[in-house]
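Quick notes on the structure that follows.
What follows draws every value from the coordinates through simple rules; no lab data is involved. Please read these numbers as outputs of a predicted model, since none were measured by experiment. For neighbour counting, all protein chains shown are included, and Cβ atoms are generated from backbone atoms with ideal geometry for every residue, glycine included.
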Amino acid sequence: MTPILNRVSAVFIPVKNIEDAKEWYCDLLGLEADGDIIAGHLYIVPMNGTGLVLDSKIFSSETIFQTPAFHFDTKDIEAAFSFMKEKGIELVTEIENGHWFNFKDPDGNVLMICE
């Protein structure tokens, strides 16, 4: 029997500026940007399910996600794609296979939205 649980509790995203990243991610997800920044470099985005931790201490050109390490869910990929376009967010792909697309956060991390 292993003491390791088969569960991922959080994903860390490297960001340059923790305050700016907090505002951007909360705006993207329709959340209030409240909550404290921990130890001057961490912000835990209030999520349903797996947690999302923004971390400015781990940011470097080598830590930027070149490919998505996870995806955000949507129930309407077309609406999500239009929303991202309207917000002026850099889209890396079109909607692929009718159910996903990639985009970049302001720090250059490649992320995914999937239906």
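How big is D, in µm² s⁻¹, for the range 9-60 by Stokes-Einstein at 10 °C and 1.306 mPa s if Rh is the Kirkwood radius over C-alpha pairs?
Details: Rh = 10.8 Å.
Estimated diffusion coefficient is 147 µm²/s.
Compute the longest continuous run of the chain that contains no exposed trypsin sites (Lys or Arg not before Pro); treat a site as exposed when its DSSP state is not H, G, I, E or B and it has at most 16 other Cβ atoms within 10 Å.
17-56
Between Glu23 and Thr2, what is the FRET efficiency for a Förster distance of 30 Å, r being their Cβ-Cβ separation, to the nearest 0.05? Mind dumping the intermediate values first?
Working: r = 40 Å, r/R0 = 1.32.
Efficiency, rounded to the nearest 0.05: 0.15.
Computed FRET efficiency, Cβ-Cβ of Ile37 and Ser60, R0 22 Å: what is it to the nearest 0.05?
Details: r = 19 Å, r/R0 = 0.88.
Efficiency computed from Cβ-Cβ geometry: 0.70.
Quick check on the exposure proxy: order His41, His99 from fewest to most C-beta atoms within 10 angstrom. Don't skip to the end; give the middle numbers.
Values: His41 14, His99 11.
By the 10 Å Cβ count, ascending: His99, His41.
Count of lysine pairs in the chain with Cα atoms under 18 Å apart, counting only pairs 8 or more residues apart in sequence or on different chains? Present the calculation step by step, with values, prior to reporting the outcome.
Numbers: Lys16/Lys57; Lys16/Lys104; Lys22/Lys57; Lys22/Lys87; Lys22/Lys104; Lys75/Lys85; Lys85/Lys104; Lys87/Lys104.
Lysine pairs, 8 or more places apart or on different chains, close enough: 8.
Can you give me the P(r) profile for the chain? Cα pairs, bins 5 angstrom wide beginning at 0, each as a whole percent.
Cα pair-distance distribution for the chain, in percent: 2, 11, 20, 23, 20, 13, 6, 3, 1, 0.
Counting only DSSP beta bridges with both residues in the chain, what percent are antiparallel, rounded to the nearest 5? Walk me through the numbers before you get to the answer.
Numbers: 12 of 20 bridges.
Of all bridge pairs located within the chain, approximately 60 percent are antiparallel.
Please give the calculated 222 nm ellipticity per residue for the chain, where each DSSP H segment of at least 4 residues contributes -39500 (n - 2.57) and the sum is spread over every residue; nearest 500 deg cm²/dmol?
Helices in the chain give a 222 nm mean residue ellipticity of -5500 deg cm²/dmol.
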